[in-house]
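*Asks:* Submitted below is the structure of interest, expressed as structure tokens.
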Amino acid sequence: MSTRVGVGTKILGAAAFVSLGALAVFALVVAPPDERQGDAQRLMYVHVPAAWLAYLAFFVTAVASVLWLVPRTRSTTWDLLAGASAEIGVVFTGLTLVLGSLWGRPTWGTWWEWDARVTTTAVLFFLYLGYLALRRTGATAQERGTRCAIAALIAFVDVPIVHFSVTWWETLHQEATVFNRDLDVQFEGFWMPFTLIFAVFAFTLLYAFLVMVRLRLAELDEGREERQLEEAIAERVAVTV
Amino acid sequence: MNMFREALLVAGKDLRIEARSRVALQQIVPFGGIVLIVFAFALDPDRGLLPRVAPGLFWTAVLLASLLSITRSFSIEEANGARDGLRLSGLDGGAIFLGKAAAVALQLLLLEVVLGFGVVVLYDVSVRGVVLIACTTVVATVALAATGTVYGVLAAGLRARETLVPLLVLPAVTPVVLGGTRAFEAALAGAPSDGWPWVQLLAAFAVLAVVAGVLAFGPLLEEDS
């Protein structure tokens, strides 16, 4: 089995890194600083696309899990894709939290605000950490597939409920609001919205590249122990004969 | 045999095992009790903080103890190939889920009554809005038991299940803790109208968890592990 990635993945990777380089220029140089927040607002160009990427990744995990559960479309690839995508999603959820915290400090005056979005994202992070831990309990797709797919779907349905309940809680005690809870940015001119849209585009390319590499790696890893054992036995038999 | 009679059979089996082994009574209820005392150590009873945060502490204690109930509910299926027995019994997967969740829910209700007395006595809480408190307790318990039972079977038979179940269950039931706490606060503050919307949220969560469990339990039980 070849261990190399395909040409398509390489092109995707090149496109992702070129556009991320361009994003750095747009976000740091071309786009103007925000009137109220100054340069701190530039964090938006990584914070927002990181959050977008996390949601996209978990959505892909949910779709792949459904495809695994439907008997007609069941295939190892869907299980591996669900896992690969969830891993990337967890990394970018963590990144979203860290970047949001860094942005919140100069803007809200605190590292952490019990805002509905922040709280939901934190719960989301732990839900999918649990999912990844569950995935490690089975060595092959056959062993872990169904339980992981169901766990992924429960997590996916749970997130809107968590968000709704926290939002509701928040609207009931509005008097606690001291700081502007939204990282509100008034878009001005052309470059700010353009940079943000371009950032989402660049991060989506990055996601596609990462998920393909991770999926390839998972395919190689799938059943590796059994394969290697068989190879070793075959070698051993060949020696004794 | 219809689904509910099958569920009753499974619930009866689990409760009979409990009645003979007394694990919930002799281990899980005392665990909840010591958690209440630990909270008092952490928050210093003299500062007057305890009565104000009692609803949150109550639900946190219930949640921690429920993790033990869930793990216990599936560890009794591990010995003597009981899990294979369940699969061979011909009972419907959804019915097995309902039965096991009902048994967990009943044990949790007992635990909640004991912890409720504990909170009133130890934290100096004066009880108001009994109807709201009772409804919140029942609905939240169904939600907790159903969610926990789904995750319990997800992790059943795995080597790392004792550590996996808490990590899976706690983030998933955050809305239950939030809703239960807010509804209790509203009841104790004498403003039950603020609490009923939370009961509705808990009810919606409970219905979703039960439906998810009934649908998912069959395929999960059939999984080899």
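All of the numbers you see were taken from the coordinates with simple rules; none came from a lab. Just so we're clear, the structure is a prediction, and the values are computed from it rather than from any experiment. Every residue, glycine as well, gets a Cβ built from its backbone with ideal geometry; the counts of neighbours run over all protein chains shown.
*Asks:* Can you give the calculated 222 nm mean residue ellipticity of chain B, where each DSSP H run of n ≥ 4 adds -39,500 (n - 2.57) and the sum is split over every residue, rounded to the nearest 500 deg cm²/dmol?
*Replies:* -27000 deg cm²/dmol, from helical runs alone.
*Asks:* Then there is this: Distance from the Cα centre of region B:58-96 to that of region A:92-115, in angstrom?
*Replies:* Here the two parts' Cα centres lie 40 Å apart.
*Asks:* Let me ask you something else. Given an 8 Å cut-off on Cα distances and at least 6 residues of separation, report the relative contact order of chain B as a percent.
*Replies:* This gives 28 percent for chain B.
*Asks:* Then there's this: What is the order of B:Tyr151, B:Tyr123, fewest Cβ neighbours within 10 Å to most?
*Replies:* B:Tyr123, B:Tyr151
*Asks:* Based on the Cβ-Cβ distance from A:Gln142 to B:Arg47, what FRET efficiency comes out when R0 is 51 Å, to the nearest 0.05?
*Replies:* Efficiency computed from Cβ-Cβ geometry: 0.35.
*Asks:* Filter the trypsin sites (Lys or Arg not before Pro) in region A:1-91 down to the DSSP loop ones having no more than 14 other Cβ atoms within 10 Å, then list what survives.
*Replies:* Answer in residue order: A:Arg4, A:Arg36.
*Asks:* By count of other Cβ within 10 Å, fewest leading, how are A:Leu229, B:Leu168, A:Leu134 ordered?
*Replies:* Lowest to highest Cβ neighbour count: A:Leu229, A:Leu134, B:Leu168.
*Asks:* Take the alpha carbon gyration tensor of the protein assembly as shown, find the square roots of its eigenvalues, order them as a ≥ b ≥ c, and report rounded if a/c is under 1.5; if not, report prolate when a/b exceeds b/c, else oblate.
*Replies:* Taking the square roots of the gyration eigenvalues as a ≥ b ≥ c, the protein assembly as shown is oblate.
*Asks:* A further question follows. Most fluctuating residue of B:Ala40, B:Ala105, B:Ala183 in a GNM of chain B with Cα springs under 10 Å: which is it?
*Replies:* Its mean-square fluctuation being the largest, the pick is B:Ala40.
*Asks:* I'd like the orientation of helix B:196-222 relative to chain B: the angle between its Cα long axis and the longest Cα principal axis, in ° from 0 to 90, rounded to 10.
*Replies:* Roughly 20 degrees between the two axes.
*Asks:* Per-residue ellipticity at 222 nm for chain A, helices alone: DSSP H runs ≥ 4 residues times -39500 (n - 2.57), over residue total, nearest 500 deg cm²/dmol?
*Replies:* Rounded to the nearest 500, the figure is -26000 deg cm²/dmol.
*Asks:* What FRET efficiency would be calculated for the residue pair B:Gln200, A:Val70, taking the C-beta separation as r and a Förster radius of 30 Å, to the nearest 0.05?
*Replies:* 0.35
*Asks:* On a 0 to 90° scale, report how tilted helix B:50-75 is relative to the longest principal axis of chain B, with both axes built from alpha carbons and the result rounded to the nearest 10.
*Replies:* 10
*Asks:* What is the fewest-to-most order of B:Arg161, A:Arg147 by other Cβ atoms lying within 10 Å of their Cβ?
*Replies:* B:Arg161, A:Arg147
*Asks:* Using a simple charge model, +1 on the beta-carbon of Lys and Arg, -1 on the beta-carbon of Asp and Glu, nothing else, what dipole does the protein assembly as shown show about its Cα centre, in debye to the nearest 20?
*Replies:* Here the size comes out at about 600 debye.
*Asks:* At 18 Å minimum axial length over the Cα atoms and a Kyte-Doolittle cut of 1.6, report the qualifying DSSP H helices in chain A, or say none.
*Replies:* Those that pass (Cα extent of 18 Å or more, hydropathy at least 1.6) are A:7-25, A:44-69.
*Asks:* Run the numbers on chain A and let me know its relative contact order in percent, using alpha-carbon pairs under 8 Å that are six or more apart.
*Replies:* Relative contact order, chain A: 33 percent.
*Asks:* A follow-up question, please. Taking the Cα centre of region A:82-241 as origin, work out the dipole magnitude from +1 charges on Lys and Arg Cβ and -1 charges on Asp and Glu Cβ, in debye rounded to 20.
*Replies:* 180
*Asks:* Here's something else I'd like to know. About the Cα centre of region B:3-222, how large is the charge dipole given +1 on each Lys and Arg Cβ and -1 on each Asp and Glu Cβ? Please answer in debye to the nearest 20.
*Replies:* It works out to roughly 240 debye.
*Asks:* Right, next: Considering only A:Thr121, A:Thr204, A:Thr137, give the residue with the highest GNM mean-square fluctuation for chain A, with springs between Cα atoms whenever their separation is below 10 Å.
*Replies:* A:Thr137
*Asks:* If you don't mind, there's one more thing I want to ask. Comparing A:Ala62, A:Ala14, A:Ala50, which has the greatest mean-square fluctuation in the GNM of chain A with Cα pairs linked when under 10 Å apart?
*Replies:* For chain A, modelled as a Gaussian network with Cα springs under 10 Å, the answer is A:Ala14.
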